Amino acid sequence: MNTTTWGETETSEAAPMGIDLDGVFQPGCAFFDLNNRVGSLPLQALQAGCTVISGAVMQRVTNASRAALVTFAVS
């Protein structure tokens, strides 16, 4: 589920998401959030015992993975 635009700002979180997330956040689940702020969904996921990766970390991992693939492809 991509919730990036919903949690991007406090203003965006003021409106209901429109999706029932009861039972979605459970220990062992991973929540990836491309926002570079800590919004309500990552906090809910953390409180439920999920692994949460923020946007900044996720972007660094993605870029490192792309660089590794390019290096592998040209070698």
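What number of residues in the range 44-54 are surrounded by 14 or more Cβ atoms within 10 Å (Cβ to Cβ) and in a loop (DSSP other than H, G, I, E, B)?
Residues flagged as surrounded by 14 or more Cβ atoms within 10 Å (Cβ to Cβ) and in a loop (DSSP other than H, G, I, E, B) within the range 44-54 amount to 3.
Applying the selection to the range 5-43, what residues are surrounded by 12 or more Cβ atoms within 10 Å (Cβ to Cβ), of a type in the set (A, V, I, L, M) and in a loop (DSSP other than H, G, I, E, B)?
Listed by number, the residues that qualify are 17, 21, 24, 34, 38.
I'm trying to understand the selection: among the residues of the range 47-66, which are more than 12 Å from residue 36 (Cβ to Cβ) and of a type in the set (Lys, Arg)?
Residue satisfying the conditions is 66 alone.
Suppose the filter is within 16 Å of the chain's Cα centre (by Cα), exposed (fewer than 14 other Cβ atoms within 10 Å of the Cβ) and not β-branched (Val, Ile, Thr); does residue 63 pass it?
yes
Given (1) within 15 Å of the chain's Cα centre (by Cα); (2) at pLDDT below 85, identify the lone condition not met by residue 41.
Against the list (1) within 15 Å of the chain's Cα centre (by Cα); (2) at pLDDT below 85, residue 41 comes up short only on (2).
Can you tell which of 57, 70 is in a helix (DSSP H, G or I) and within 10 Å of the chain's Cα centre (by Cα)?
The unique qualifying residue is 57.
The values are calculated or read from the model by the stated rules, or taken from the named source; none is laboratory data. The structure presented is a predicted model; accordingly, all values stated were derived computationally and were not measured. Note: ideal-geometry Cβ built from the backbone for every residue, glycine included; neighbour counts use all protein chains shown.
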